[in-house]
1. Taking a temperature of 10 °C and a viscosity of 1.306 mPa s, what whole-number D in µm²/s does Stokes-Einstein yield for the range 141-303 with Rh from Kirkwood over alpha carbon pairs?
2. Counting only helical runs of four or more DSSP H residues, what would the 222 nm mean residue ellipticity of the chain come to if each run contributes -39,500 (n - 2.57) and the total is spread over all its residues?
3. Shape call for the chain from the C-alpha gyration tensor, a ≥ b ≥ c root eigenvalues: rounded (a/c under 1.5), prolate (a/b greater than b/c) or oblate?
4. By a straight-distance test (C-alpha under 14 Å), which aspartates and glutamates pair with Lys303 as possible cross-link partners, with residues fewer than eight away in the same chain excluded?
5. Return the distance in nm (one decimal) between the two label points of a simple spin-label model at Ala288 and Phe250, each offset 7 Å from Cα along Cα→Cβ.
6. Rounded to two decimals, what ratio of Rg to Rh does the range 123-180 give with C-alpha atoms and a Kirkwood Rh?
7. When Val175, Val209 are ordered from fewest to most other Cβ atoms inside 10 Å of their Cβ, what list results?
8. Report the convex hull volume per residue for the range 12-137, counting only C-alpha atoms, in Å³.
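Values in this text are rule-based calculations from the coordinates and carry no lab data. The structure presented is a predicted model; accordingly, all values stated were derived computationally and were not measured. Because the Cβ atoms are built from the backbone with ideal geometry, glycine has one as well, and the counts that use them run over all protein chains shown.
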Amino acid sequence: MISGTHVSIEDPRNNDILIYINGVFFHRTEAKISVFDSGYLVGDGIWEAVRLYNGTLVFMNQHLDRLWAASKSIGLDLKMLKQDLLKAVENTLAANNMYTDVHVRIMITRGIKKTPSQDPRYTISGPNLVIIAEHKKASEEVKKKGICLFTSTIRRGSPDYLDPRLNCHSKLHEVQALLQAIEAGADEALMLDQNGFVATCNSTNFFIVKNDEIWTSTGKYCMNGITRANVIKICKEHQLIIRETDFSLFDVYSADEAFTTGTFGGLTPVIKIDGRIIGNGISGTITARLSMLYKELIDSEVKSNNL
């Protein structure tokens, strides 16, 4: 059975969802994109993942800001305004009669190529926009029992060749890291930076707790996580000691608690890393408190949106 931060409860409604492709809706079995698409050919595209809770796209402005920053960094003219994309997402949710516990994946590629090539000058269309919204609720069983990590030999990329903060379609190195973890019997991969310090996981950000202090990486070699940023914000607002610092596996193995953060799963306890039990091998008290405070932040966002 698959275990990990992206495990969701099966929902039969997903069998008949409608997928948005460039302004047109298709049944999921009919949703297709050209084999000449830049994303398919060379991984030339960017994406965002957003959660819908009780009618509110939570932290949507932060997600839009991150997407627009990514587009600028790769020289991709999205040919739309933020409100245009927001409207497309809202239309997708309406078409699927969705209200809560929904995961929305937004994918934008540079467009259709005249011929297979890396060269963006061979692009003969505008950007391709695909929106996939699914009924997805994170598995409570995974949150209750926690996950196991394995430290991959594959390092996070350096900012001078593929900045880890960029949510791009080129994820092969992360897939390779995850494959190593799976083959080692773990759920997901822990990844180090170029200097051997702990950076992030293959698809989530990583935190440890030591002596009532919460530690996470400096952010130089990890994903520009919105949940990560919100957890850091929560710590500061509630006078919890948060350190954004370099730390190694020495610190990880001796940690009292560990957890990951991500848009889909929120906070997920980590109970074992490289075969070593973390803390008491169960979700810790600080992880539980931060999970509660994060839920309160989401509830506040929903309440504010409904005023």
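1. 101 µm²/s
2. After summing the helix terms and dividing by the residues of the chain, the value is -9000 deg cm²/dmol.
3. Judged from the Cα gyration tensor, the chain comes out prolate (a/c at least 1.5, a/b above b/c).
4. Once the sequence-local aspartates and glutamates are set aside, nothing remains near Lys303.
5. So the label points at Ala288 and Phe250 sit 3.2 nm apart.
6. Numbers: Rg = 16.6 Å, Rh = 15.3 Å.
In the range 123-180, Rg relative to Rh is 1.08.
7. Values: Val175 13, Val209 22.
With the sparsest Cβ surroundings first, the list reads Val175, Val209.
8. Hull volume over Cα atoms, normalised by residue count, gives 100 Å³.
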